Every structure is written in structure tokens, then in C-alpha cells.
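Got a structure for you, questions after.
What follows draws every value from the coordinates through simple rules; no lab data is involved. Being a predicted model, the structure only gives us computed values, none of them experimental. Because the Cβ atoms are built from the backbone with ideal geometry, glycine has one as well, and the counts that use them run over all protein chains shown.
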Amino acid sequence: MNEMTDETSGAAGSPSSSGRSAGAQDSRFAASMAYFERAARVIPGGIYGSKSPGFLVPGHFPYYLSRARGSRIYDADGNEFIDYLCGYGSQIVGYGNPAVDGPALEQARKGDLLNQPHPAMVELAERLVGLVDGMDWAVFVKNGTDATTLATSIARADTGKQVIIAAEGAYHGAANWCSTNVFPVFLQAEQRDVRFFPYNDVQALEALFEAERGNIACLILTPYHHPTYKPQQLPTPEFTAAVERLCRAEGAYFIVDDIRANFRLDMHGSHKFFSVHPDLITMGKALANGYPISVLLGTDGLRKTASSFFITGTYWMSAVPMIAALATLDEMERMGGTARLAELGRVLKDGLESLGLEAGFRARVSGPPAIPYLTFDEDPDLYLNQRFCAAMADRGVFMHPHHNWFISLAHSEEDIARTLEAARSAFAELSSSLATERP
Ligand SMILES: Cc1ncc(COP(=O)(O)O)c(C=O)c1O
């Protein structure tokens, strides 16, 4: 599925090419820069949110991407990268996968956004309820934020309680109740009833449940902790046991926000992987390989409350993403599913850690192998991360310095081998430039 094109052959994207000077970087991204200058005049900030240039390493990453295929992305200047961001996790069977795009585009020709739902909505709900462990119903929305907001609202309505508990640094979307990226003073009203605790800290969680006893509507957690800028953390068995015990005792609902990890750990949901039993689950991103759809799944006890909600959005029932989701589920299984993702991720993780050590770095890959993230020990401001990821981008590998990475089923053994070849040279460059920087 991976392809090289005329546009890219022998170009800067080759993983074997070496680091570049600042001037060469600029010309490598001339088209990106020109678009950015135009954007700055008509779009606040030019590019906003998590896609803004400062979130990557300016000068080393493209600002605009034009197309993608399999595991490769191509920027506005035609540079090619092996991609480990996968559309922020949404690409699981590869960009432009014909098994997904074929039926999706066929439906697009027949009609996408219709007045009433397409029958595929029923098929998809049945499929997910059959597949995702412990869930009895499904409602479809567009963004992950829609799903997490609806989940917490349903929990509040059902319990008649207001307080939402979440882990410090967890991302559940860009709505005001959960956004951690906006100066909080503006959000005081919206976040008044949201309480945070340090992930995996049983004592802190117990203390919070005690302090808020009688007020807690729900606890929302990602299946494991993937905070931005930090190593990822898996839940301890003591923590997951405490979560379930405390929620039960309080009569609070337990929500697993599986938007980011879904279907990369377990086809029955990441909660199955970690043996937990949520009342509500949100999924999105990989659900339809990049077509815009997310889902809230729930248990029977919440069905009545969910059906009393006015759940709607102009685009929420468009047919194409539902057809794409059904095809993506089939294609994931056909391409090897979670076992294959874990196997590829393991090779990448082991390779990066040992190449780091060989070059004198204590670089660790945290999180499940299918959703890896590399950080350096004693690198609190992520300076080494940024340098390493910039050097990888110079070599045609797109690894985000501040956000976890994703393996897709379109990555091949050859992609991983080329990535590790690039990493050997990136670690060496980092090591020698640090040596010259030292006084
Ligand atoms: C765990 C988690 N929840 C919710 C969201 C929000 O999803 P969306 O960006 O589709 O609104 C994200 C997005 O990154 C996420 O990772």
C-alpha cells in the first residue's frame, strides 16, 4: 500500500538523507510557508489549536499537507513522510484504503446527508453493540468532544448530580467543561463542577470521592493515561479496582473515553484490554478511518435517560461515515487487527530504545506499543524530544514531539526498518550536536 511517487522520489523525504541547515529547511517548506503567510491574514493565528506550528518544531515540519496514501503523507511542497500521527489516530487501516473509500465514495455519489438516517445507522449500531464488550446501545455524533460532552450530560441528568471527576492532564475534548488548553479563568463557570486528581493515585481519588460524597455524577477516564507532553501511564490494578468500587458506592457512572485508543488495543474496546466495566464508552477517530463520526455507547440502565435527550446535529446522521465505519471494522480484522498493531509497535519500541541507549540516551517509549510515545529521561522541557523529532522529520519520518504516536495497519516492516535507520542517524546527530553545545 505504501507508494513512492515522482513527486517525492529522491526528495528530502528519504530517511537516509541527513540533517539540513536552516536555510535549506525554509526552501524545503516554501509552499507551506507561503500558505501560512496568506492564512495569517484571514484566519486567526494562521493555523489554530493543536495543529499550530508552535505545537510542532517550526522549520522542520510542514504546515500544510496535500495528500496521503497508506502510511505516507505528502506536504504542500511534495515532501514525503512516513507518518506516525495517523491523522491524530484516525487512520487505522491506512490513508486512502480502497476497502473503505470504495463503499464510502459509492454512498457519497448516491447521497450523504439525507433528511432521515440511512439504514447503515442501524447496521452500525447493531455491529458496535455486538462488538464492544458490555454495551447495549449506541448514538452517533460527529466529534469526540460531542460524545464526551453527551456522556457526562447523560450521567448528570440520570443521577441528578453535577460533579464530574477527571484525571489531571487528561484530554476529553475542546469543549469548555473539559478544555485544559485555555486559560482557565475564562472557564470558571463551565469547569466549576469538574474535579481533577493525579492519575493512578488511589488515595487522592478516595479523598476526592469522600470530599464530594453525594455530588458525583460520573468519573471519566481514558483507558490508560496519555497526557500531552508527558510519558504515558498504564493503570495499576489497584487503581482500576478503586475506580469501580468508588463509583459503585457513590452511585456515580464510570465513563471510559476510548476516543484515542479505540480498536488499537482490543477489538472489543480498550476497557476489555484493561478488564474494567464502564457504564458509558466514547469512541471516535479510528472508528471510520478518518471519516467524521464518533459514538457514545451505553448500558441498559442509561437507555431511558439517553432517549430523553435531544441528540442532534445537522451533520450527525450523514451516511458516508457510517458506511466507512462498517467497512473499517471489516478491514481492521482482515489486515491483522490489534495483534498486528502490537507486533509492529513492539519492533519500533524496542528498536528506538536500544538505538537511544547505543547513542548514550535514556530514551523510553511509554504506553501500549500500538500507541507509542518516546521521551528522554531528565528532559523536563522536552528539548531533547523536539530535537529528536525535528531530526526525524528532516529524515522523512513524522513523529510528533508533544503528542503520542500511532501505528496503523498500513505500516509495514519496511516502514519500521526505515524509521529505525533514520532514528540511528537522528540519535547520532543529536549526540554530536549536544557535544559541541557543551561548554
Ligand atoms: C481521549 C480523547 N477524548 C476526546 C477527544 C476529542 O475528540 P475530537 O477532537 O474528535 O473532538 C480526543 C481527541 O484527541 C481524545 O484524544
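Given the pairs Lys110/Lys272; Lys110/Lys142; Lys272/Lys304; Lys272/Lys349, which are separated by over 30 angstrom at their Cα positions?
Checking Cα-Cα distances, Lys110/Lys272 exceed 30 Å.
Among rounded, prolate and oblate, which fits the range 101-334 when a ≥ b ≥ c are the square roots of the eigenvalues of its C-alpha gyration tensor, a/c under 1.5 means rounded, and a/b larger than b/c means prolate?
prolate
Further question: Among Gly337, Gly46, Gly298, whose mean-square fluctuation peaks in a Gaussian network model of the chain (Cα, cutoff 10 Å)?
Of the options given, Gly46 has the highest mean-square fluctuation.
Scan around Val194 for amide H atoms under 5 Å from its own, H built in the peptide plane at 1.01 Å from N, and keep only partners 5 or more places away or cross-chain.
Ile164
Here's something else I'd like to know. Please state the relative contact order of the chain as a whole percent: Cα pairs under 8 Å, 6+ residues apart?
Dividing the mean separation by the residue count of the chain yields 23 percent.
What list of ³J(HN,Hα) couplings, whole Hz, do you get for the range 284-301 from phi and the Karplus terms 6.51, -1.76, 1.60, once you set θ to phi - 60° and write x for glycine and proline?
The phi angles translate into x, 6, 5, 3, 10, 6, x, 6, x, 7, 9, 9, 10, 10, x, 9, 3, x Hz.
Have a look at Thr375, Thr236, Thr282 and tell me which one the Gaussian network model of the chain (Cα, springs below 10 Å) gives the largest fluctuation.
Thr236
Could I ask something else about it? Would you mind computing, in nm to one decimal, how far apart the modelled labels at Val42 and Ser308 are, each placed 7 Å from Cα along Cα→Cβ?
For the pair Val42/Ser308, the computed spacing is 4.8 nm.
Helix-only mean residue ellipticity at 222 nm, the chain, DSSP H runs n ≥ 4 weighted -39,500 (n - 2.57), per residue, nearest 500. What is it?
Result for the chain, helices only: -12000 deg cm²/dmol.
Residue by residue through the range 166-174, which ³J(HN,Hα) values in whole Hz follow from phi under the Karplus form 6.51 cos²θ - 1.76 cosθ + 1.60 (θ = phi - 60°), with glycine and proline marked x?
With coefficients 6.51, -1.76 and 1.60, one gets 9, 7, 4, x, 6, 10, 10, x, 10 Hz.
Which far-off residues, 5 or more places away or on another chain, put their amide H under 5 Å from the one on Tyr253, with H placed in the peptide plane?
For Tyr253, whose amide H was placed from the backbone, the distant partners under 5 Å are Cys218, Leu219.
Note down the relative contact order for the range 101-334 as a percent, whole number, built from C-alpha pairs under 8 angstrom at least six residues apart.
31 percent
So, one more: Please determine, in degrees from 0 to 90 and to the nearest 10, the orientation of helix 98-110 with respect to the longest principal axis defined by the Cα atoms of the chain, where the helix direction is its Cα long axis.
Relative to the chain, helix 98-110 is tipped by roughly 60 degrees.
Between Tyr64 and residues 5 or more places away or on another chain, which pairs have amide H atoms under 5 Å apart, with H built 1.01 Å from N, and which residues are they?
The answer is Ala76.
Can you tell which of Ala363, Ala166, Ala211 shows the greatest fluctuation in a Gaussian network model of the chain with Cα springs below 10 Å?
Largest GNM mean-square fluctuation: Ala211.
Let me ask something additional. Round to the nearest 10 and give me the degree value, 0 to 90, for the angle of helix 337-358's Cα axis relative to the longest principal axis of the chain.
50 degrees
Read phi for every residue in the range 396-409 and hand back ³J(HN,Hα) as whole Hz from Karplus 6.51 cos²θ - 1.76 cosθ + 1.60, θ = phi - 60°, with x for Gly and Pro.
These are the phi-based 3J(HN,Hα) values: x, 10, 8, 10, 6, x, 10, 9, 4, 9, 9, 9, 10, 6 Hz.
A further question on this structure: How high is the relative contact order of the range 314-439, in percent, counting Cα pairs under 8 Å that sit 6 or more residues apart?
Normalised by residue count, the contact order of the range 314-439 is 25 percent.
On C-alpha positions alone, give me the angle between the axis of helix 30-42 and the longest principal axis of the chain, in degrees, nearest 10.
40 degrees
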